[in-house]
1. I'd like to verify a number: residues in region 61-90 that are touching a residue at least 60 places away in the same chain (Cβ under 8 Å), under 25 Å from D268 (Cα atoms) and surrounded by 22 or more Cβ atoms within 10 Å (Cβ to Cβ), how many?
2. Do any residues in region 202-222 that are polar (S, T, N, Q) have Cβ atoms under 7 Å from those of residues that are outside any helix (DSSP H, G or I), where the two are at least six apart or on different chains, and which pairs are they?
3. For V158, only one of the following conditions fails: (1) in contact with an Asp or Glu (Cβ under 7 Å, 6 or more places away or on another chain); (2) surrounded by fewer than 14 Cβ atoms within 10 Å (Cβ to Cβ). What is its number?
4. For the subset of region 347-356 comprising residues that are modelled with pLDDT under 75 and within 12 Å of I655 (Cβ to Cβ), which member is least open to solvent (accessible area, probe 1.4 Å)?
5. So, in region 572-614, of the ones that are of a type in the set (A, V, I, L, M, F, W, C) and over 26 Å from the mean Cα position of the chain (by Cα), which residue ends up least open to solvent (accessible area, probe 1.4 Å)?
6. For region 357-397, give me the residue count where each residue is outside any strand (DSSP E or B), of a type in the set (A, V, I, L, M, F, W, C), farther than 18 Å from L428 by Cβ and open to solvent by less than 20 Å² (accessible area, probe 1.4 Å).
7. Give the residue, chosen from Q230, Q252, Q245, that is without any contact (Cβ under 8 Å) to a residue 60 or more places away in the chain, out of contact with any helix residue (DSSP H, G or I) (no Cβ under 9 Å at 6 or more places or on another chain), open to solvent by 50 Å² or more (accessible area, probe 1.4 Å) and outside the structural domain of F664 (by the TED database).
Amino acid sequence: MSRVGTGVVSDCGQVQGTGGSSAISKCSAAARGYIQDRFLRLLAGRQRRRAPLIHRGYYVRARAVDHCVQDFLLKTQSHPRTQVLSLGAGFDSLYFRLKDVGLLHHTVVYEVDFPNVMCQKATLIKRMEELSALVGDTAGEGLGAITFSGEDYKLLGVDLSELSELGRALEEAGLDNEIPTLFIAEVVLTYMENSRSDALIQWAAERFPRACFLLYEQVHPEDPFGRVMQQHFSQLNSALRSLAQYPDCEAQQRRFLGRGWTECSVMDMNEFFTCCIPEDEQQRVQVLEPFDEYEEWHLKCSHYFVLTASKGMEPSWTPLLPSVTVPHRAAPVGMAGSVPAAVCARLSGIPGLRRYGHRSVLIKPDVILTTGGFGEEDGQHCRLRNFHVLSKHAGCWKAGCVTKKHPDKRWGERLYHTVSCLSDSLALVVGGRMSPSNAGLGMLWLKFPETYNASDPDDIAVELVNLQPAAEPATLRWRHSTTEVTFKGEQYLFVYGGRSALEPVLGDWYFLHTQELSNTVIAVDGPVPESRHSHSACSWEGGALIAGGLGAAEQPLGSVFLLRKLEHGFQWQAVETYPPLIPRYSHTAHVHEGKLLLVGGVWFHASSVPGITVIDLVTGLCLDYVINVEHLEWPLMLHNHSSVFLPNEKELLVIGGGGNCFSFGTHLNPEPVSLSLSSILTSH
C-alpha cells in the first residue's frame, strides 16, 4: 500500500503519506458499500468522503487483491501450513478480513513496512479490542524488527530495500522458506530503485521453492493520462521509478520470468473488471452512486495492472484466468500513418477554451460557438456559464467571449448537451445535465445576429430563449446525439440514445420537426442497435450515421449503424468495417466525401490511444492514424472534447477535452489544436 524504503531519505515521509491517503480512500469506499470491510475504519484513523470515481478505483484494486489472495488460500488448503508476506502493508486490514471469515486456519500473515508505520499499527491494534480480540495472545514483541507478534500475525519494521536485513528479520519472526508462501506488493515496488526491486523479486524466487507473487502497480507512463499520473506522483516526491524500465504489462511479465518465476499472468484493471468480476457484482457496483466519469474510470483502469507469478506450485496457481473472452487484448493497433497536430496561433492563454463536456458548432462559415461544459473560469474549476466564439479572420483564429442577453438560469450550467445550428441565426440546444442526478434541462433556442464583424469576435451576442416543448422525454437526457435528417422534404432532428438520471443507458429515439419542435412518429425498420451513450452521430444522405458509444454493461461498442432514409420512413442498417472498428466512445465524428472520420475517444486497447480513424462508407475499409503530438508541449487528451471540420482546408479543429484524472488532478487541454487531414483524405 505504497510505503517502502527507496534509499532516498527525503522521499520516505511522502511515500508513507501515499499509504495513509490510500487507507482513507479504501475506508470511504467501504462506507459506501463498495467493499465489505468493517476493520478499515479502525485502522485508517480520520475519515473523509471521497468521490465516486475514487471509490470505484479502490474497489477494483481491493477486489483484485482479495480475488488472488483467496485463490491462493483455496489452492493451498491441503497443505498443513502456508504463509502470506505483505510487503509495504501499511494500515491494510487484510489479516483481519481473512481471520474474520475463517480463512486463516493454517496460515500465518507477516506484514513488513517502515518501523514507524509498523509501531503505529501495533499500538492501534493493542488499543482496539475489536482488533486485538481477533489476534489473541501476543508475545515476542520488541525482538529485533518485530513490533507485534501474535500466533498467526506478525508486524515487522524493516526497510524493504535492505534485503539482508529483511531476510534476517523474517527468520527471527519464524518465516519458513519451505512452505507455500504468497508475497503481496500493492503499489510498493514502483517507489524503489529498480535495481533494488528487481533484487527483491529475484530474492523471493530464489529463497522460496514454492511461492506466489501478487503485484498491483501503474503502467503506460507515456500516453496523455500516464504523463498526468507521473507528474502527480513526482510532485508528491514519490516518483514511480519502475515505469521507465517496465512501461507495459508485457515488460512486467518478462521481468518476473527472467528472475526465477516460472509462470506469470497479467491483466490491466479494465480486463480484470470485465473478466474476473461476475456480471451481477459489476451491476451492483455500477449503481451504488450517481456516476458519470466513465472516461476517467476506464483510463484509470488501463493504467493499473494486477500480476500473479508463481514457481513450484502444485496445482499451478492461475487466479487470473478470465471467465469470459477478452477482445481488447489483441495485437497492437496497426497504424496506417500519422496526422500532424499544431497549436492554433494566437489562441493560447484563453481560459474559456479549457473545458470538457462542452459542445462546439459552426454557426457561420468561419465562426465556431462553444457552450457549456466543465472548465476553468476566473482561476477556478467549475461548470461554465460563459459562451465563447472562435472567428477566423485573414487566415488566423481569434477568440472572444459572447454576450448573453438573458439571465444565466436559462442556461443551467449544462454538460453533455447537443447544439444543432438550424439557420444563419438560430441554434437549438437539447438536453444536458448539471449533475448526474439533475438532468431536467430541456431545450433552449440560441439566437444570434445574421451579420457580424469577423475581426472582432467579442462583437457577437447570443439571446437565450427557453422552450417548453411537447417532446419533453426527448430532452431529459445527456451524452446523446442530435442529428439533422430529412423525410419527405422536411427537416427533422433525430435525437438518439444517451442516458438519464433514471436510466444509465438509453436506446430510444425521437424525430423533432425543426419548425414546431414537436415529436413526429416516423416508421423505422431493421434491427435496432443496442442502447448506447457517448457515441458519435453525423448526417449523411438524409439519414444519420451512429458510431461506437458505451453500452449497457459500460463496455465500449464497435458497431456502426446507418439510419437510412427510405420512401416510407427510415431503416437501421449495420455498416460492416474491415478490419472491424476498435470499440470506443467519447469520440467525435465528421463525414467528408463518403468517408466517416472518428476523432479520439476512449478504448480498452492499452497499447495506444485513439487518433483519427477513417472509414470508407462504400468499401467499409477502416484505417487508424496516430496523431503526431511532437510539437505540443502538453498531453493531448482526446476525450470529452469537441471538434469542427473545415472541409475546404481539410482541417480539423479540436477544442477542449480532458477530465478529472482519478486522484491525479484535473487535466484540461490548454488550447485548441489544429489537425491537418489533407494527406490522409487524398491518399485514402
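The values are calculated or read from the model by the stated rules, or taken from the named source; none is laboratory data. As the structure is a computational prediction, the values presented were derived from the model and not from experiment. Here Cβ is always computed from backbone atoms with ideal geometry, including for glycine, and neighbour counts include all displayed protein chains. What goes into the accessible areas is simple: the full protein's heavy atoms, side chains included, and nothing from ligands, DNA or RNA. Shrake-Rupley method; radii C 1.70, N 1.55, O 1.52, S 1.80 Å.
1. 12
2. Final answer for the pair search is Q202/R259; Q202/G260; Q218/L240; Q218/L243; Q218/H303; Q218/Y304.
3. Just one mismatch for V158, condition (2).
4. Among them, the one singled out is L347.
5. Step by step, filter region 572-614, then rank; the result is W572.
6. 1
7. On inspection, the qualifying residue turns out to be Q230.
One line per residue, one yes/no per condition, for (1) open to solvent by 50 Å² or more (accessible area, probe 1.4 Å); (2) within 17 Å of V430 (Cβ to Cβ); (3) in a loop (DSSP other than H, G, I, E, B):
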residue: T483; (1), (2), (3): no, yes, no
residue: T486; (1), (2), (3): no, no, no
residue: V495; (1), (2), (3): no, yes, no
residue: A501; (1), (2), (3): yes, yes, yes
residue: L506; (1), (2), (3): no, yes, yes
residue: E516; (1), (2), (3): yes, yes, yes
residue: I522; (1), (2), (3): no, no, yes
residue: P529; (1), (2), (3): no, no, yes
residue: A537; (1), (2), (3): no, yes, no
